[in-house]
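The values are calculated or read from the model by the stated rules, or taken from the named source; none is laboratory data. Owing to the predicted nature of the structure, the values given are computational and were not obtained by experimental measurement. Counting neighbours? That spans all protein chains shown, and the Cβs are built from the backbone with ideal geometry, glycine included.
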Amino acid sequence: MKVGFVLEKRSFLKFLIDILFNLTPKDGQWKEKKYRNRFILRLATNPISTIRYFHKLVSLDDFNKIIKIQPNLPAKIQRPYLHKFGNYETRGNDIINHYQIVHELSTKCKDIFYSKEPVCISKYNGKNNEEFSIYCSPSHFDREGELMLTLYMANIVISQLTFSFIKKDNINIIFIGALQGAQKNIEHNVIQQATKASYGLFPKRIIIEALYSISTSCFVYDILAVTETSHVFNHFLYKNKKRKKFLAVYSEFWNSIGGVPFYNFYKLPEKIKRKNLDDIVSKKRSEYRKRYALIDQINDEITSLLMSK
């Protein structure tokens with residue numbers, strides 16, 4: 001690894017000198033002079049927390065694997081992370097806790113969560129044989145979590161979710177930092193087609209079900225989720241930039257699956273409730289049965305994969 005030439009020595013001073021004078025080839029955003037300069041400026045405003053976090057980072061058991069996947073980690077605490085609240089210390093703790101929790105998971109889970117390339121964790125065919133797939137990968141949204149789930153229809157991204165494993169009150173939980181649909185250039189009829197092909201399940205519902213399968217497989221049952229008001233892009237740093245582009249409305253979706261407000265976030269149910277088939281009008285009962293069968297198929301595939309030896 002390029003940045004790792006210095007980082008693997010686990011010396012903050014050597015790392016800082018390399019950043020200052022660009023002594024070695026870089027990975028990630030460290031290639032950009034502007035990014036390196038910003039790191040130095042922000043370091044000057046909070047050196048103690050940055051250095052303390054750096055030493056915790058390089059002390060992680062899986063550090064050499066982690067830094068190859070997420071080379072920007074040493075700078076992550078300098079910007080809002082997971083939500084608009086918190087400070088250098090809380091951000092650092094959340095990041096460190098994520099990798100400590102992953103380290104304790106099964107070998108198969110670690111193989112997937114530490115893979116530099118996206119890993120397919122589920123595939124299914126839609127009503128008219130449309131091809132869908134769900135991938136788990138390192139998050140490329142630096143501020144919103146360490147892992148990402150992506151739902152594809154053919155080769156089109158129709159939903160993405162980012163999350164981290166963190167600790168709250170000394171309990172391992174999953175925190176969702178972002179949930180979004182298709183990009184703006186994807187026409188709405190594509191989402192309608194995907195929903196129809198999935199027996200009426202919206203793409204966001206499918207990807208949240210995939211997260212629940214991960215939650216079960218990793219024995220982490222508590223899930224907190226960001227809201228539209230607590231999202232990182234509502235931090236004052238993005239007042240004139242990202243905030244204007246941020247249009248997601250999370251609360252409505254969290255409510256629809258049984259989530260409840262929890263301070264500045266939403267607490268999601270341990271299990272998403274299903275309608276009793278006997279209570280559904282007969283003409284819709286078949287579609288609901290297929291809908292639940294699809295959810296079970298996705299869950300079985302993911303849990304079998306993550307819990308395999």
Qualifying positions in region 143-160 - closer than 19 Å to ALA248 by Cβ and surrounded by 24 or more Cβ atoms within 10 Å (Cβ to Cβ): GLU144, GLY145, LEU149, LEU151, ILE158, SER159, GLN160
Considering only region 63-79, I want to know if a residue exists there that is farther than 28 Å from CYS120 by Cα, among the charged types (D, E, K, R) and loosely packed, with under 15 Cβ neighbours inside 10 Å. no
Conditions (1) touching a helix residue (DSSP H, G or I) at 6+ places or on another chain (Cβ under 8 Å); (2) of a type outside the set (Gly, Ala, Ser); (3) in contact (Cβ under 8 Å) with a residue 24 or more places away in the chain; number of the one not met by PHE85: (1)
With ASP111, ASP169 as the choices, which residue is farther than 25 Å from PHE262 by Cα and either aliphatic (A, V, I, L, M) or out of contact with any Pro (no Cβ under 6 Å at 6 or more places or on another chain) (or both)? ASP111
Provide a single number: the residues in region 60-91 that are closer than 15 Å to PHE175 by Cβ and assigned to a helix (DSSP H, G or I). 3
Filter result for ASN72 (assigned by TED's automatic domain parsing to the domain that holds LEU224 and in contact with a helix residue (DSSP H, G or I) (Cβ under 7 Å, 6 or more places away or on another chain)): no
Is it true that some residue in region 163-182 is in the same structural domain as LYS283 (by TED's automatic domain parsing), among the hydrophobic types (A, V, I, L, M, F, W, C) and surrounded by fewer than 19 Cβ atoms within 10 Å (Cβ to Cβ)? yes
Test ILE223 against the stated conditions and say whether it is in the same structural domain as LYS283 (by TED's automatic domain parsing), surrounded by 20 or more Cβ atoms within 10 Å (Cβ to Cβ), over 22 Å from ASN72 (Cβ atoms) and at pLDDT 95 or above. yes
